[in-house]
Structure formats: structure tokens, C-alpha cells
Amino acid sequence: MVSHGYVLPTRGVVLSADDSLEQAARVQSEVIGLARRAESLGFDGVWAGDSVLAKPRLEPLSTLAAVAGATESVTLGTAVYLPQLRHPVHVAHQTATVDLVSGGRLALGVGVGVGDGVEAEHDQLDVPYERRGALLDDGLEILEGLWSDEPVTVDDEFFELGDADIGIRPCGSPPPIYIASATFDPRDGFPRQIRDRIATRGGGWLPIGMSPEMYEGGLDRAREIVDDAGRDPAGFDAAYYHDVVIAETEAEAIDQARDFLDRYYPSWGALSDDDIRKRGAFGPPSVVADHLERYADAGVETFVTRFTAADQREQLRRFADIVD
């Protein structure tokens, strides 16, 4: 059965507010309030993106902890979190806390980060950009160790820990780790580091920006990797991150998306209609419904939907009508 998650506008509240008081008000109405609204409309999850300096926004784990207190059952996901920008002990401590206070609802989508500003972000945080993949993998190994019952001892290229123990554990089973990917055709195989990530700890796959045919072929390969690693591929969740705008016409939807993306990513420059179309579904409800059906037929089990439009509440309502 297909589930639907909503990406909270944690960057939008930064871009749309003139001062901290307005930001605080918008956090309550456009983050906490919309998380409640999504749950009431039947969404299965709410997700938060991540960036520290490249694309300023609310810190995702703190945000999801607040959302946990305002909701009852939705999954609380990161799409996606950049663990290598923090020390893994802090990551383990925060994620275990969020999972505990939410009653075991955390899902951790992780990636290395791509796009303008990401290299400078790593440099300013004194994180080696060219080693960010290895740093992510090392951190995830420490994270999973600190989630377990045994103290962690490490002495490697990046970290030195001796009998480290955060003292708390996730609620029940550890949170699933979703492996993000982008910018390549997975039908040709996965890059080594992503392949190894899927094999060793992938609880799901969370790509962006691919055709249904690419997705279907990539999912087959990902589940082969899981199976070859001796794990049950049936438990490997097939997720997909996409942009959606629902409007009366495709032209109107694309115009809304262009305005949104221009504000979010000013360094991208002018986007063509085709550039925007590749990111998801834009147009009347029938167009969005057809898009969802094609990707579900390709194997998507969890849609992570970002509405690239100003009126998030209206987009939520119209999308809920489509998937009801």
C-alpha cells in the first residue's frame, strides 16, 4: 500500500519572514500547524530537510521533536539529513531523543548534500568536502553503535572514542535509514559508496529526479544489493522525493513552481519548463494523479512530496483529495 509524506516548509519560514517574531509566528502556523493539518488529512508522514549555512532553514531534528508533541501517529522523517556536518555522538544523542519522545516514529533519510553552496558550507564547518561520503559512512557506523546496547570504541581517520555511551536508545527498533541519491541513472548500477550504504544499513531508498523507468530499474538493483547482503529485500522501503504543484492548468502550476524555486535556489538561474517538469508533477489534479499512479506502478511505496508553491495549506488539501 502506498503512503504519502509531506515536506514541511522549514526553509520557507526563513525566506518569508522579515524578523524573528514573524519567524516564530510562521513556525507555529506553517510548520507545527501544517504538520497537524497533514496528519488530519490522512498523510502518513511529515518530513524536514536539512542545511546549516548553504540553504538556511530550521534545524530538522529539533523541528521534528516539536512536531512529535503536536501529532500522534505520523512518521517523522528527514529528507534529507546531512550527518557529516555534525559529530556522530551528537547525531546519535539527538536522533535517539527524537525517536523516544515520538514513541518510535523517526525515519532518517541521509545524504551527502549536492548543489551550490554545499562545498562552502562544509569548508566553513571545517568538514572535508572531498571526504564527505567517507565521513558520512563512518558517522553512520558510530551512530548505529551508539543506538545499540554496547559502548562504542573507535580510533580511525575521523573519530576517536573510548567506551562511548549516550545512555539512551531508540524506542523499540532502531529508526530506518533511507539512503538518498540523485544525478545518476541507477539502471546502470549504483556508485560504490551508495551501493555499500544500501548493503550495510539501508532501510529504504530515497532518490529524486528520475523517470518511472529509471526508478523501477534502480529499485530492482537496490533490492538485489540488499538480498546479496543477506537481508530481506521485502523490508526495504521504496521511497521517492518529488515536487508537486496543483493548479487549474500546467502553465499556472509551472509558473508557481518557478517562483518558488527562484526564491529557494537563486543561484540556479532561469529554469525552463522542462527543467521544472523533470522535478515532479505540475498541473490539474488529473495530471498529478496520473504521475502518482505511474510511479506507484514503478514500485514507489512512500511518496515524500514537497509542494513548490506559496499556498501550502491549499496544496495539502487538494493533494489529499487526489489520494483519498
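Can you give the helix-only mean residue ellipticity at 222 nm for the chain, where every DSSP H stretch with n ≥ 4 adds -39500 (n - 2.57) and the sum goes over all residues, rounded to the nearest 500 deg cm²/dmol?
-13000 deg cm²/dmol
Note the direction-averaged projected area, equal to a quarter of the hull surface, for the Cα convex hull of the stretch 238-304, in nm².
Value for the stretch 238-304: 4.5 nm².
Among Asp155, Asp137, Asp255, determine the one that fluctuates most according to a GNM of the chain built with springs between C-alpha atoms less than 10 Å apart.
Most flexible of the set in this elastic network: Asp155.
Please give, to one decimal in nm, the separation of the simple spin-label points placed at Glu224 and Thr153, each 7 Å out from Cα toward the Cβ.
Between Glu224 and Thr153, the label points sit 4.1 nm apart.
Using alpha carbons only, how many degrees (0 to 90, rounded to 10) separate the axis of helix 212-228 from the longest principal axis of the chain?
20 degrees
For a Förster distance of 51 Å, can you work out the FRET efficiency between the beta-carbons of Asp163 and Ser286, rounded to the nearest 0.05?
Given R0 = 51 Å and the Cβ-Cβ separation, E is 0.30.
Ranking request for peptides 201-210, 277-286: highest mean number of other beta-carbon atoms within 10 Å first, then the rest in descending order.
In decreasing order of mean packing, 201-210, 277-286 become 201-210, 277-286.
Could I have the simple spin-label model distance between Arg294 and Asp274, label points 7 Å from Cα toward Cβ, reported in nm to one decimal?
Computed distance between label sites Arg294 and Asp274 equals 1.5 nm.
Would you mind checking which residues have amide H under 5 Å from Trp47's amide H? H placed 1.01 Å from N; only 5 or more apart, or other chain.
Amide H neighbours of Trp47, under 5 Å, 5+ apart: Tyr6, Val7, Leu8, Gly77.
Remind me, relative contact order of the chain in percent, using alpha carbon pairs under 8 angstrom and six or more residues apart?
Computed value for the chain: 17 percent relative contact order.
Given the options Pro151, Ser173, Gly139, identify the residue whose Cα lies farthest towards the positive end of the charge dipole of the stretch 126-190 (+1 on Cβ of Lys, Arg; -1 on Cβ of Asp, Glu).
The residue sitting most towards the positive pole is Ser173.
I need the Debye-formula profile for the stretch 38-121: one equal scatterer per C-alpha, no solvent, reported as log10 I(q)/I(0) at q = 0.10, 0.11, 0.22 1/Å, two decimals.
-0.25, -0.30, -1.03
Between Ala164, Ala234, Ala298, where does the largest GNM mean-square fluctuation fall for the chain, given springs only between Cα atoms within less than 10 Å?
Ala234
Which three extents, in whole angstrom, do the alpha-carbon atoms of the chain cover along their principal axes, largest first?
Sorted largest first, the three principal extents are 59, 48, 38 Å.
Bear in mind these aren't lab numbers, they're just calculated from the coordinates by the rules spelled out. Model, not experiment: these values are computed from the prediction. Glycine gets a Cβ as well: all are built from the backbone with ideal geometry, and neighbour counts include every protein chain shown.
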